[in-house]
Amino acid sequence: MITPIQSFEQYLEAYEQSITQPEAYWENQAAQFLWKEKWSKVLDWNFTEPSVQWFVNGKLNITDSILDRHVQTHPDKVAFYFEPNHPEEARQVYTYLEVYEQVCRLVGVLKSKGIKKGDRICLYMPMIPELAIAVLACARIGAIHSVVFAGFSAQSLAERMNDCGATMVITSDGAFRGQKTIPIKSIVDEALEHVPSVQHVLVYQRTNETIAFKEGRDDYWATAMEQASSVYVSEAMDSEDPLFILYTSGSTGKPKGVVHTIGGYMVYSAFSFAHVFQYQPGDIYFCTADIGWITGHSYVVYGPMLNGATQVIFEGIPTHPTPGRFWEIVEKYNVTHFYTAPTAIRSLMSFGTSIPKQYNLSSLKVLGSVGEPINEEAWHWYHDTIGNQQCPIVDTWWQTETGGILISPLANITPLIPSYATLPLPGVQPVLVDANGTILEGNEVEGNLCLKFPWPSILRTTWGDHQRCQQTYFAAYPNLYFTGDGCKRDHNGYYRIIGRVDDVINVSGHRLGTAEIESAINEQVDVVESAVVGFPHDIKGQGIFAYVICTPSESNEEAIKRDILQMVTKVIGPIAKPDKIVIVSGLPKTRSGKIMRRILRKMAEGEFHQLGDTSTLLDPGVIEGIKEKIIALG
Ligand code: WTA
């Protein structure tokens, strides 16, 4: 097992070694897991193709280190406390042995469906332990899982399944979310009308509502599990075989399937969890992220379970039935480590300090933040009101593509500065570059954040389109991985993430591309053209602001706006619904027809005077028209 770094001096030493002798450093880390066959070479890489391979020719199954290992030493240790959406429903407890048995049983089910190594299985499920079990069963049989967050629409789900050629879907009848019940299976049925490759659907019964059932294609989880025999042997996989595909938004086109491979991802997700959170045996960890996002992959399923951690899995939302729900859970389970997104903190902060004060939060030792920059006000509220000034906040910066946390304090080790992600983890070599790609040396600089050396869980490709991976991450600056984030390095060498420098917006910690929202809006028949930008939002961090040009024949603006919201919900899902829509008669374009988004961003913030250089605009008159519309919107 991993022994966490214990002091700042030790961190500095580890960092130094990881940079000067990266192969020796990571070889030692990798040796702490179960391998079926040792690697022949630690690292092979170039950032031009790009091609990155870690623990080359090593053979393993990641679930050996997650399940078999822990079952041998502590079978009865709790893996999950399941806290259902409705607090009156009894909690459930799953030990490592129980998870192991369920996973082996589910592998039997998958085998009976003819699933084999390399097949793609799509998981579209609520936040319940069975989702983690399904993830692990895929990993055990060597199938590549692609979890789709159950808030995405049927159309988004279908696109993702078609892109990866999924042959099976694991889902549930419905999902409980706050006061709502969401008809998950019917969303899957609708999606599957457009996905010819899927032959099997396995349905976990969570809400027990009546669902459409297609004989020959659909099976119930409980019946299938009863009939299957458990398969205890884990498939021997290559270190560089894909473990999962996770779709994420970028600045252009449709979401792309980020591919992570087994060996490097295993080592880094476990390593980063242990060092950042300083998890100790007996601690109770609670990460509020859904498994449908990368945080749920790396810091609900893989990182904590590789470390044999005990955690709370929460099905519901922070405000149901009251905005004290997270704190009630902390008290109920004696949570020691709590990891959430700034948007949740800001939203709960808005209900007042008196709510958390009603709960005993003294079990807390470490607080974490992820997904977006944490503003100082939220940081202090989290630190004072939730952490009683006793708990460090680990402000963890990373991305779907990085697989694990790259820049973050190590809890109780790294001196903190509010809103700074502070320092890189061992093995992580950040650089800041200016617009020309010149590396900015020294401290007190600001630029685009890149990484100049591979860490074990760097993405390997984008599914089915390696060229896109090269173009998106490795083409902007030669021999560097470009993150898309702007960043400052202060006089101490501490990093502060400023936010995206591309056309990606971060809404409540969820990444959305402006291009994909525009293309959803444009599907609405009355829409001629649209432009979407982010704007500062008190709770969500960023909100979505849509400028839309409509056909002259349609004059009922309220009706158009309603239709646009419906269309975006249908094409992407409710998370992509614009917060503000203005119907305009023109957009600020250059003579070559390029929309000047810089101007749209300023106006979305309510800034109309200092718009910068507008002399290249084809028709500077459009600005006045847009301004009037925004002011009228209030
Ligand atoms: C942003 C989420 C500031 C950043 C794990 C990044 C952050 C994007 C932080 C990735 C942080 C994530 N401080 N910004 N601590 N963590 N981000 O792929 O812009 O959903 O590029 O991964 O979120 O979002 P993703």
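The distance linking segment 244-265 with segment 571-603 is 27 Å (Cα centroid to Cα centroid, whole angstrom).
The 3J(HN,Hα) values that the Karplus relation (6.51, -1.76, 1.60; θ = phi - 60°) gives for segment 610-616 are, in residue order, 9, 8, x, 6, 10, 5, 8 Hz. Gly and Pro appear as x. Under 18 Å from a point 7 Å along the Cα-to-Cβ line of E557: which residues of segment 512-547 have their amide N that close? Taking a point 7 Å out along Cα→Cβ of E557, the residues of segment 512-547 whose backbone N falls under 18 Å are 526-533, 545-547. Across segment 504-633, Cα pairs under 8 Å and at least six residues apart give a relative contact order of 22 percent. Ordered by the count of other Cβ atoms within 10 Å of each Cβ, fewest first, D538, D485 give D538, D485. Projecting the Cα positions of A378, V71, P415 onto the charge dipole of the chain (unit charges on Cβ atoms of Lys, Arg, Asp and Glu, taken about the Cα centre) puts V71 furthest along the positive direction. Taking amide H as placed 1.01 Å from N in the peptide plane, R120 has its amide H under 5 Å from the amide H of I144, T167, each at least 5 places away in sequence or on another chain. For segment 357-362, the Karplus equation 6.51 cos²θ - 1.76 cosθ + 1.60, evaluated at θ = phi - 60°, returns couplings of 5, 6, 10, 8, 9, 6 Hz by residue, with Gly and Pro reported as x.
Among the DSSP helices (H) of the chain, those spanning at least 20 angstrom by Cα along their long axis with an average Kyte-Doolittle hydropathy of -1.0 or more are 96-112, 262-277, 557-571; this is a geometric and hydropathy rule only.
The GluC sites (Glu not before Pro) of segment 40-136 that meet both conditions, a loop assignment by DSSP and at most 12 other Cβ atoms within 10 Å of the site Cβ, are E88, E89. Exactly which GluC sites (Glu not before Pro) in segment 550-583 are in a DSSP loop and have at most 11 other Cβ atoms within 10 Å? Answer by residue number: there is no such site. Farthest toward the dipole's positive end in the chain, which of F535, N492, S146, given Cβ charges of +1 (Lys, Arg) and -1 (Asp, Glu) about the Cα centre? Ranked along the dipole, the leading option is S146. Does segment 132-289 classify as rounded, prolate or oblate by the C-alpha gyration tensor (a ≥ b ≥ c root eigenvalues; a/c under 1.5 gives rounded; else a/b over b/c gives prolate, otherwise oblate)? Cα axes put segment 132-289 in the rounded bin.
The loop-placed trypsin sites (Lys or Arg not before Pro) in segment 2-44, going by DSSP, that have at most 16 neighbouring Cβ atoms within 10 Å of their Cβ come out as K36, K38. When shorter helices are ignored and each DSSP H run of at least 4 residues is given -39500 (n - 2.57), the per-residue value for the chain at 222 nm works out to -8000 deg cm²/dmol. Annotation: lysines with alpha-carbon distance below 18 angstrom to K365 (same-chain offsets under eight excluded): K332, K357.
Take every Cα pair under 8 Å whose residues are at least 6 apart in sequence, average their separation, divide by the length of the chain, and the relative contact order is 12 percent. In the chain, the DSSP beta bridges split such that about 60 percent are antiparallel, to the nearest 5.
Let me know the shape class of the chain, please: from the alpha-carbon gyration tensor, a ≥ b ≥ c as square roots of the eigenvalues, rounded when a/c is under 1.5, otherwise prolate if a/b is greater than b/c, or oblate. Note, shape of the chain comes out rounded.
For segment 504-633, what class follows from the C-alpha gyration tensor (a ≥ b ≥ c being the square roots of its eigenvalues): rounded when a/c is under 1.5, otherwise prolate if a/b is larger than b/c, else oblate? Note, shape of segment 504-633 comes out oblate.
Projecting the Cα atoms of G621, T322, I184 onto the charge dipole of the chain, computed from C-beta unit charges around the Cα centre, puts I184 farthest toward the positive end. By DSSP, the beta bridges lying fully in segment 137-266 are antiparallel in about 50 percent of cases. For the pair E523 and Q6, the difference between a 0.36 nm per residue extended length and the Cα-Cα distance amounts to 180.6 nm. Ratio of Rg to Rh for segment 46-112: 1.19 [Cα atoms; Kirkwood radius as inverse mean 1/r over pairs].
Each Lys and Arg adds +1 at its Cβ and each Asp and Glu adds -1 at its Cβ; summed about the Cα centre, the chain shows a dipole of about 300 debye. Given R0 = 45 Å, the distance between the Cβ atoms of T181 and S230 translates into a calculated FRET efficiency of 0.90. Distance from the Cα centroid of segment 293-310 to that of segment 329-365 is 20 Å (rounded to whole angstrom).
Where a number appears in this text, it was derived from the coordinates with a stated rule and is not lab data. This structure is a prediction, so every number in the text was calculated from the model and none was measured. Glycine also receives a Cβ, built like all others from the backbone with ideal geometry; neighbour counts cover every protein chain displayed.
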